[in-house]
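Read-outs: derived from the displayed coordinates by stated rules, not from any lab. Because the structure is a prediction, the values reported are computed rather than measured. A quick note on method: Cβ atoms are made from the backbone with ideal geometry, for glycine too, and the neighbour counts reach across all protein chains shown.
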2 protein chains.
Amino acid sequence: MQTISREDYLKAILKIEEESGSVSNQALVEKLNTRPASVTNMLRTLSDAGWVQHEAYKAVHLTASGKSIALSTLRRHRLWEVFLVEKLDFSWDEVHQWAEDLEHVGDEELTNRLDAFLGHPAFDPHGDPIPTAQGQWSDGRNLLPASLTVVGDRIQLKGVVDSGEEFLQHLNSLDIKLGLILEVLQALDFDGSKTVKWPDGRETSLSKQTLQNMLVERLEFQEREQ
Amino acid sequence: MQTISREDYLKAILKIEEESGSVSNQALVEKLNTRPASVTNMLRTLSDAGWVQHEAYKAVHLTASGKSIALSTLRRHRLWEVFLVEKLDFSWDEVHQWAEDLEHVGDEELTNRLDAFLGHPAFDPHGDPIPTAQGQWSDGRNLLPASLTVVGDRIQLKGVVDSGEEFLQHLNSLDIKLGLILEVLQALDFDGSKTVKWPDGRETSLSKQTLQNMLVERLEFQEREQ
DNA sequence: CTCCGTTTTTAGCGTGGTCTAAAAAAGGTA
DNA sequence: TACCTTTTTTAGACCACGCTAAAAACGGAG
Ligand SMILES: [Mn+2]
Ligand SMILES: [Mn+2]
Ligand SMILES: [Mn+2]
Ligand SMILES: [Mn+2]
């Protein structure tokens, strides 16, 4: 049977697989902020339920049914995040904690109604794609870290690599939000920082670390016109 | 520390106190569909936390802090019910199960934002009053069970005594919704049933049991005009 | 006051999940 | 290959919360 903890583990496995290809116990320890023994223990449970495939000392793999649970949990998580930002006016650094609870509430029917109410959003407030009801990943975008842009690029912020509270609050303090359009004015080789120009003409320097965590789209010419 | 189970118990104690004045273990067994030993056990926990006052074999009493937790849980429950009905188009018999989970999510800030988003509703989809952020009960209404109405009354459904799924689905099947205005045409003494007239002219007979569970307001003359 | 049915508590167990500490396995380096 | 560090598993404990069965207390009727 599904529990909050089991859904959290399955979701974490899905994300780690997505990020790094292979899922170790250690990676789960870090992602879930737990202890190795707890991970081993839960993997036994998930394996018995037929949601993961796991041999001792080997990498973890989601089964089809495990992946399906993970995807619908992730779908609920991201839809509730959209709800909290769009309808309740929370900022993107405040929503994760509540979505972590809300993702465990509701069935498919409720989720689909929420999805419809929100206008079938494709991305969550951090720019992460929202799986469809059929468990499809809709991420066909071509994003690059802002650290890889060059002088002269006009770029739009479409996502973040690290959606931890600390980094998001850092972006908040710089007044950087999803959808923001910047122009790269200058790039310093020695520390990887870049100077960017805001829509209002203001100029700021962004550190290499900040730029690496910002996922942007390079704007084409016709898009500049709209 | 607050847990889902503890919040459910506190809420149940509040409601039983409201309904019948005094809270016995037995009443909690019935309300929470659990066993006497579980109740005794939890009362020890709640008492240790300072949320209830309980001496063996005596009635249970909420402390100020316990009542505060119970009220905010009830507030969240009823606000989420409004959300599910008003925004996601669920019917009133479908919302309780999800509200039972949602009521455990969010802090005061989130609750107040939800409240504002919903337009500060005073009543939930079953006609029950929603406690304010300050923990006030806003129920100054003068409702009576429809069983006590007399021939000639024009009445409006404002609440239900029993908001269990079964009864609500029964009302659904009769096409009876909150806010519905009916006129009492006939009352049969021998079985307590009454014949009522719908706004569209249709006439139906309602059983004594059904009428006893419908809380209505007798409409004054000037209200008939609007 | 004594009985007896009801309510409540106690005792003991089960389940799901966490943790620490220690043992075992893995895997890279000398 | 042998060693050493890291990773994973095992062993054993703990906590929250449910349950059953039996004991104890309560409270009304005779
Ligand atoms: Mn979660
Ligand atoms: Mn997100
Ligand atoms: Mn609940
Ligand atoms: Mn309700």
Label point 7 Å beyond Cα along the C-beta direction, distances from A:E203 to other copies (nm, shortest first): 8.6
Positive-end residue of A:A146, A:I130, A:S72, charge dipole of segment A:54-213 with Cβ unit charges: A:A146
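Structure shown: which of B:K31/B:K87; A:K31/A:K67; A:K11/A:K177 lie over 22 Å apart, alpha-carbon to alpha-carbon? All intermediate terms of the calculation are to be shown ahead of the outcome.
Values: B:K31/B:K87 29 Å; A:K31/A:K67 17 Å; A:K11/A:K177 26 Å.
From the list (B:K31/B:K87; A:K31/A:K67; A:K11/A:K177), the Cα-Cα distance tops 22 Å for B:K31/B:K87; A:K11/A:K177.
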What gaps in nm, shortest first, separate B:V29 from its twins in the other copies when you place the label 7 Å past Cα toward the beta carbon? 4.8
Amide H neighbours of A:V216 under 5 Å, at least 5 residues apart or on other chains, H built in the peptide plane: list them. A:L144, A:A146, A:K158
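Give, rounded to the nearest 20 debye, the magnitude of the charge dipole that the protein assembly as shown has about its Cα centre when Lys and Arg contribute +1 at Cβ and Asp and Glu contribute -1 at Cβ. Walk me through the intermediate numbers first.
On the way: 46 positive and 74 negative charges, 116 e Å.
Rounded to the nearest 20 debye, it is 560 debye.
So if I place +1 on the C-beta of Lys and Arg and -1 on the C-beta of Asp and Glu, and nothing else carries charge, what would the dipole magnitude of segment B:28-170 be about its Cα centre? I want it in debye, nearest 20. Kindly include the intermediate steps, with their values, before the conclusion.
On the way: 13 positive and 22 negative charges, 104 e Å.
In debye, rounded to 20, segment B:28-170 gives about 500.
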Amide H contacts under 5 Å for B:F123, placed H, 5+ residues apart: B:I130
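Based on DSSP loop calls and a cut-off of at most 10 other Cβ atoms within 10 Å, the longest stretch of chain B free of exposed chymotrypsin sites (Phe, Trp or Tyr not before Pro) is what? Working shown, then result.
Working: sites that count: B:Y57, B:F190.
In short, B:58-189.
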Which of B:Q169, B:Q156, B:Q186 ends up with the largest GNM mean-square fluctuation for chain B, with Cα atoms connected below 10 Å? B:Q186
Top mean-square fluctuation among B:R76, B:R154, B:R35, Gaussian network model of chain B, C-alpha springs under 10 Å? B:R35
Options B:S163, A:A116, A:S38, ranked by Cα towards positive dipole end of the protein assembly as shown, top entry (Cβ charges): A:S38
Take each uninterrupted DSSP H stretch in chain A, measure its Cα extent along the helix axis, and return the ones at 30 Å or beyond whose mean Kyte-Doolittle hydropathy is at least -0.5. A:64-86
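In segment A:32-123, which GluC sites (Glu not before Pro) are in a loop and have at most 16 other Cβ atoms within 10 Å, using DSSP for the loop call? Walk me through the intermediate numbers first.
Numbers: sites: A:E55, A:E81, A:E86, A:E94, A:E100, A:E103, A:E108, A:E109; in loops: A:E55, A:E94, A:E103.
Here the GluC sites (Glu not before Pro) that fit, given the DSSP loop and packing criteria, are A:E55.
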Loop only by DSSP, 12 or fewer other Cβ within 10 Å of the Cβ. Give me the trypsin sites (Lys or Arg not before Pro) in segment B:186-220 that pass, ordered by residue number. B:R202
Under a Gaussian network model of chain A whose springs join Cα atoms within less than 10 Å, the largest fluctuation of A:S138, A:S193, A:S38 belongs to A:S38
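Quick check: net charge around A:D93, other residues with Cβ under 12 Å of its Cβ, Lys/Arg +1 and Asp/Glu -1?
That works out to -4.
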Quick one: check the C-alpha center-to-center distance for segment A:1-70 versus segment B:1-80, whole angstrom. 36
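Placing +1 at every Lys and Arg Cβ and -1 at every Asp and Glu Cβ, with all other atoms neutral, what dipole size does segment B:129-188 have around its Cα centre, in debye to the nearest 20?
Working: 4 positive and 7 negative charges, 49 e Å.
Computed about the Cα centre, the dipole is about 240 debye.
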What are the label-to-label distances in nm, one decimal and shortest first, from B:G164 to the same spot in the other copies, with labels 7 Å along Cα to Cβ? 5.1
